[in-house]
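Working notes, structure below.
The values are calculated or read from the model by the stated rules, or taken from the named source; none is laboratory data. Since this is a predicted model, take the numbers as computed values, not measurements. Cβ coordinates were reconstructed from backbone atoms using ideal geometry, including for glycine residues, and neighbour counts include every protein chain displayed.
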Amino acid sequence: MESVNHTMTDLFDQLGLPSQPKHIAEFVARRRPLPLEIRLYDADFWTPAQAAFIKDKLSEDGDWALVIDSLNASLRSRPRGAATVGDNDG
C-alpha cells in the first residue's frame, strides 16, 4: 500500500473550501484560537459533511491525519502579539 502525502491545499479542496495559500491563511486567522476543549471536528464552522470527513480521517489515522493535525495545530495557536489572560497582571 502506497502512502500519499496530502497537502493543506488538498485538504481544503477536499473540504470544498478555497484552497489558495492566501485563503487558507485567512480561514485560519478568522477562526483561531480554537479552544482546546472543542474537538476540531466539533467546531461550529464546519458543515456536517466537512466535520464527518475530518472525524473519519482522524479515526483512520491514515494519510489525511497528518495534514488535519497540522490544521488543528494552526487553529489552536494564538495570533502573534495576542494577549492571554494574566499577561498584564502585575
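Taking residues in segment 51-64 that are at pLDDT 95 or above and surrounded by 15 or more Cβ atoms within 10 Å (Cβ to Cβ), and partners anywhere that are basic (Lys, Arg) and in a helix (DSSP H, G or I), the pairs with Cβ atoms closer than 8 Å and at least 6 places apart or on different chains are Trp64/Lys57.
The residues of segment 18-45 that are touching a residue at least 12 places away in the same chain (Cβ under 8 Å) and hydrophobic (A, V, I, L, M, F, W, C), listed by number, are Ile24, Phe27, Val28, Ala29, Leu34, Leu36, Leu40, Ala43, Phe45. In this structure, Ser70 qualifies as of a type in the set (Ser, Thr, Tyr) and at pLDDT 95 or above.
Being surrounded by 14 or more Cβ atoms within 10 Å (Cβ to Cβ), in a loop (DSSP other than H, G, I, E, B) and among the acidic types (Asp, Glu) is the filter here; which residues of segment 1-21 pass it? Result: no residue meets the conditions.
For segment 22-41, check the following and say yes or no: at least one residue is assigned to a helix (DSSP H, G or I), closer than 16 Å to Gly62 by Cβ and among the charged types (D, E, K, R). No, there is no match, as no residue in segment 22-41 is assigned to a helix (DSSP H, G or I), closer than 16 Å to Gly62 by Cβ and among the charged types (D, E, K, R).
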